[in-house]
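The values are calculated or read from the model by the stated rules, or taken from the named source; none is laboratory data. As the structure is a computational prediction, the values presented were derived from the model and not from experiment. Quick reminder, even Gly has a Cβ in these numbers, built from the backbone with ideal geometry, and neighbours come from all protein chains shown.
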Amino acid sequence: MPELPEVAALAAFLRDRLSGRVVARVDVAAISVLKTFDPPPTALHGLTVTDVARHGKFLDLDVDGLHLVVHLARAGWLRWSDALSPTPLKPGKGPIALRVHLDNGAGFDLTEAGTQKRLAAYIVRDPVEVPGVARLGLDPLSGELTVEALAALLAGTKAQLKGVLTDQTLLAGIGNAYSDEILHAAVVEQLGGAAARAEGLAAADLKDSKRGGMRVHGRTGEACPVCGDTVREVSFADSSLQYCATCQTGGKPLADRRLSRLLK
């Protein structure tokens, strides 16, 4: 899933290529991707992109006062092309859910792999009309996240720290992967470093940059780069947690409830 550093880099990538360009056409190939109906996609036709912003893990394209807001979810991605095919998309065929054509022939596709269709696009007059944007908490890369602000967030909840880090109403933009990395590094600067690595990269290179910078997430069975212990995993219903027992839990492995049920 793209998280804050990748979405921030995507916003910068798109800002460089979209600002000042006119939207020629918007094709919707998967009706499930569009979460709003008023304004319709055709309302964007002929309007100019004036800015691209980020709200947590949401991309926000400002198109002459209308906003195309996108959440890539778990398996979504944005694929840029300097020369899009002018052929209309066939509904329900392939991974492309939505395509935006520009006046110069360039544009991008929103794609989604797998069967869980969670990729979401909203066309709104104000980004806060998107429920997920309206609920967002503090941005970790903003000046608002001070030691005092984080202490206040932690004091107001009894949830586990990983749950706090991934709760978008508390902290906007951190997901499963970077929460593992933050817990391992024990410093929020992990996000700043990831954002710096991603800055300036093309959209097609962002996924590899994210994977290459991970210390523990997605590295079950490998050696911890800090102490050499084996990276372990705890599985949940629709996600997993990777950690180093030596660095993080005093050498004690965490209980894996799914595995425990299998062994009963």
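What number of residues within segment 174-191 satisfy the criterion of being at pLDDT below 70 and surrounded by 13 or more Cβ atoms within 10 Å (Cβ to Cβ)?
Step one: of segment 174-191, the residues at pLDDT below 70 are 186-191.
Cutting the leftovers down to surrounded by 13 or more Cβ atoms within 10 Å (Cβ to Cβ) gives us 188, 190-191.
Looking only at that region, the number is 3.
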Practice task
Among the residues of segment 17-70, write down those that are among the charged types (D, E, K, R), assigned to a strand (DSSP E or B) and either without any contact (Cβ under 8 Å) to a residue 12 or more places away in the chain or within 24 Å of Leu201 (Cα to Cα) (or both).
Solution key: Asp51, Arg54, Asp60, Asp62
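Counting just the residues of segment 34-59 that are β-branched (Val, Ile, Thr) and surrounded by 20 or more Cβ atoms within 10 Å (Cβ to Cβ), which one comes out nearest to Gly132 (Cα to Cα)?
Let us first name the residues in segment 34-59 that are β-branched (Val, Ile, Thr), namely 36, 42, 48-50, 52.
When the remaining residues are screened for being surrounded by 20 or more Cβ atoms within 10 Å (Cβ to Cβ), the result is 49, 52.
Working: Val49: 23, Val52: 18 Å.
Only one residue tops the list, namely Val52.
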Handout entry: Among (1) assigned to a loop (DSSP other than H, G, I, E, B); (2) closer than 20 Å to Glu3 by Cβ; (3) touching a Gly at 6+ places or on another chain (Cβ under 9 Å) - the single one Ala73 does not satisfy
Key = (3)
Exercise for the section: Select from segment 60-74 the residues that are crowded, with 16+ Cβ neighbours inside 10 Å and over 19 Å from Ala134 (Cα atoms) and write down the one among them that is modelled with the highest pLDDT. Expected result: Val63
